[in-house]
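These notes are about the structure you will find just below.
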Amino acid sequence: MRGGRSALKHAVLFLVSWMAHWGNELVAAAPPAGWYDYSAYTDCRGQPEPAQYDGGILKYSNSDDPTGYKTTETGVLSPAFVVYDLNKTTMYTFSGWIKLEGSSSALITARLAPDNSGTRCIGTVLARSDCWSFLKGGFVLDWPTQTSVIFFQNADRTPMKITVASGSLQPFSTDQWSMHQKDTIRKRRKRMATIHVADPHGTRVVGATVSVQQTAKDFPFGSAIASTILGNDAYQKWFVDRFNAAVFEDELKWYSTEPASGLLRFDVPDQMLAFVRSHRVMVRGHNIFWENQEATPRWVKGLSPEDLRSAVNTRIQSLMTRYRGEFAHWDVNNEMLHYNFYEQRLGPNATADFFSVAQDADPLATLFMNEYNVVETCDDGSSTVDAYVARLKDLRVGGAVLEGIGLEGHFSKPNIPYMRAVLDKLATLNLPIWFTEIDINNKFDAQTQAVYLEQVLREAYAHPAVSGVMLWTALHQSGCYQMCLTDWNLNNLPVGDVVDRLLQEWQTGQATGASDAHGAYSFSGYLGEYVVTVNSGNTSTQSTFSLSPGDETRHITVQI
């Protein structure tokens with residue numbers, strides 16, 4: 001597959017004819033009414049698990065195998081599945097178990113070649129020769145195809161045998177996908193509650209007017225802010241009217257707080273912290289270190305390893321002692337899958353040491369890794385989901401108190417089935433997953449940005465493993481990093497309309513009704529804080545309660 005597009009085209013055509021000749025063609029079937037399978041695996045296993053969805057539409061037409069899956073070994077060029085009549089806009093989720101021969105380990109990419117019109121990555125896995133590794137991904141087509149090939153490559157293209165078992169390709173309509181999102185939201189972001197109205201003797205009160213109003217949301221949804229918010233009353237009001245979480249864009253980074261050795265500047269972040277604190281907005285600390293050499297303070301670059309080690313420890317202590325207990329999270333080492341300034345100079349255990357010192361300095365803060373292109377694309381070999389999982393596991397083994405997974409989320413055109421598959425695999429680590437810097441590339445027009453942002457936010461909010469969402473939309477007079485929600489005068493842009501609409505959708509509007517024959521009024525509400533007002537005759541009373549995560553109905557008694 002080394003000869004460019006022409007060679008690829010001939011290879012795909014040959015695969016189609018070769019597999020059809022041997023009777024291994026796959027026939028599409030109508031999407032079933034089943035539910036999405038969130039299960040995933042990041043451990044290597046002695047034997048592959050059965051195929052998800054019994055193989056989905058990967059049904060061999062000449063097979064009597066009722067499970068609908070086969071082991072496909074290296075044929076002429078690669079393991080491959082040929083599928084026919086894939087539909088536009090259908091959500092396809094793909095999975096399988098991979099094993100190698102000829103190499104102890106390799107990055108394997110599953111690629112889709114639709115109608116010989118180039119290829120796209122639909123999933124990756126770090127596979128091994130001594131066990132089976134689980135690949136999970138997916139795709140959406142921009143146009144229907146008559147014939148498509150799913151095939152597998154090792155990233156460096158060196159010869160090896162790739163075996164694929166329990167392959168599965170499962171289609172979901174957009175309505176089904178939306179139904180799955182809504183069902184997860186109902187289970188994870190909402191809860192049933194019953195208000196019981198009684199008099200001082202405990203007798204139920206029938207026909208009382210019960211009014212419930214949500215006063216605070218449990219799910220953190222926020223945005224980056226910059227120093228431009230200071231002294232700008234209109235911007236501040238706009239922000240706190242919408243968001244319950246914030247992150248500082250640049251003001252806490254090392255080059256901002258210590259532009260020269262020993263010259264500490266915390267006045268701006270102090271003022272920003274006072275603003276969010278005064279409005280009960282939780283705030284993330286971003287970041288302690290950034291492995292990118294271009295983002296490293298100039299004076300730090302020339303330090304000897306001994307002086308650098310002293311400087312990084314001083315950095316952690318000065319930052320986290322000053323703000324002990326103030327920041328809910330800290331991104332301890334940023335983008336370490338792509339860059340290695342500190343680890344190259346201080347050794348492979350540098351990041352584990354950072355986490356240890358940070359944990360001692362502020363035990364209440366949740367410590368995160370933060371990375372880009374993990375969920376946005378599978379074409380970046382540096383930050384595949386398995387690479388991220390492996391690094392997170394290595395840090396744990398090295399003693400790091402790692403408590404959160406940060407996904408930046410700088411999207412071009414989002415691949416939503418792939419996004420969900422990556423979240424499924426990360427969820428196996430049982431750590432909070434946060435989207436820390438969501439935006440849509442500004443190469444798209446305003447309306448397209450809005451469409452893509454809504455897709456990403458709906459998927460992020462609905463996924464059961466996601467604990468919070470932050471937008472990367474700090475407002476400057478000259479614009480934003482990639483995506484602004486408003487213009488400088490705080491007039492909504494199309495993406496701003498999307499955010500406002502979703503924030504409205506994901507909160508409990510005022511719920512009002514009468515207590516029934518049992519003196520009860522029930523409703524389904526988004527998790528968070530509430531005030532309930534009960535009126536009966538000339539008597540009125542008010543009470544507060546919270547809806548926290550739970551499967552059981554929350555019961556609240558109000559005495560009137």
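Remarks
- When only alpha carbons are used to place a centre, the stretch 279-300 and the stretch 503-560 end up 42 Å from one another.
- Charge dipole magnitude, Cβ of K and R +1, D and E -1 - the chain, Cα centre, debye nearest 20: 380
- Heavy-atom accessible area order for His410, His286, largest first, 1.4 Å probe: His410, His286
- In summary, the lysines within cross-link reach of Lys413, defined as a Cα separation below 28 angstrom excluding same-chain residues under 8 places away, comprise Lys9, Lys88, Lys136, Lys182, Lys425, Lys443.
- For the stretch 199-209, the Karplus equation 6.51 cos²θ - 1.76 cosθ + 1.60, evaluated at θ = phi - 60°, returns couplings of 8, x, 8, x, 7, 5, 10, 8, x, 5, 8 Hz by residue, with Gly and Pro reported as x.
- Whether the stretch 271-332 is rounded, prolate or oblate, judged on the alpha carbon gyration tensor where a/c under 1.5 counts as rounded: prolate
- Three-way shape label, the stretch 103-261, alpha-carbon gyration tensor, a/c 1.5: oblate
- For the chain, the solvent-accessible area of protein heavy atoms averages 42 Å² per residue (probe radius 1.4 Å; ligands and nucleic acids excluded).
- 5 angstrom amide H check on Ile438, placed H, neighbours 5+ away: Met470, Leu471, Trp472
- In this structure, the amide hydrogen of Phe248, modeled 1.01 Å from its nitrogen in the peptide plane, lies closer than 5 angstrom to those of Ile225, Arg284, His286, counting only residues at least 5 positions away or on a different chain.
- Met179 accessible area, assembled protein chains, probe 1.4 Å, Å²: 80
- Table column - 3J(HN,Hα) (Hz), the stretch 475-489, Karplus curve with 6.51, -1.76, 1.60, x for Gly and Pro: 8, 10, 4, 8, x, 10, 3, 9, 8, 9, 7, 9, 7, 5, 8
- Candidates per trypsin sites (Lys or Arg not before Pro) in the stretch 153-231, loop by DSSP, up to 14 other Cβ within 10 Å: Arg157
- Remark: accessible surface ordering of Glu459, Glu306, Glu505 (largest first) is Glu306, Glu505, Glu459, probe radius 1.4 Å.
- For Tyr521, solvent-accessible area (1.4 Å; no DNA, RNA or ligand), Å²: 30
- With every protein chain in place, the stretch 247-305: carbon and sulfur % of accessible area (1.4 Å): 50
- Amide H within-cut-off set for His555, under 5 Å, with H built and near neighbours excluded: Thr194
- Expressed as a whole percent, the accessible area of the stretch 463-559 that falls on carbon and sulfur atoms is 41 (1.4 Å probe).
- A Cβ-based charge dipole, computed about the Cα centre of the stretch 96-181 with Lys and Arg at +1 and Asp and Glu at -1, lands at about 220 debye.
- Expressed to the nearest 5 percent, the antiparallel share of DSSP beta bridges inside the chain is 65 percent.
- In the chain, the DSSP-assigned H stretches of four residues or longer account for a calculated mean residue ellipticity at 222 nm of -8500 deg cm²/dmol, using -39500 (n - 2.57) per stretch and the full residue count as denominator.
- Note, ³J(HN,Hα) from phi for the stretch 343-360, Karplus 6.51, -1.76, 1.60, rounded to Hz, x at Gly and Pro: 5, 5, 9, 10, x, x, 8, 4, 5, 4, 5, 4, 4, 5, 5, 5, 5, 5
- Solvent-accessible surface (1.4 angstrom probe) belonging to His518, in square angstrom, nearest 10: 120
- For the set Val240, Val397, the ranking by accessible area, highest first and with no ligand, DNA or RNA atoms included, is Val397, Val240 under a 1.4 Å probe.
The values are calculated or read from the model by the stated rules, or taken from the named source; none is laboratory data. Here the structure is a predicted model, which is why all the values come from computation and not from measurement. Glycine also receives a Cβ, built like all others from the backbone with ideal geometry; neighbour counts cover every protein chain displayed. The protein model used for the area step is the full one, side chains on, heavy atoms only, and it has no ligands, DNA or RNA in it. Shrake-Rupley method; radii C 1.70, N 1.55, O 1.52, S 1.80 Å.
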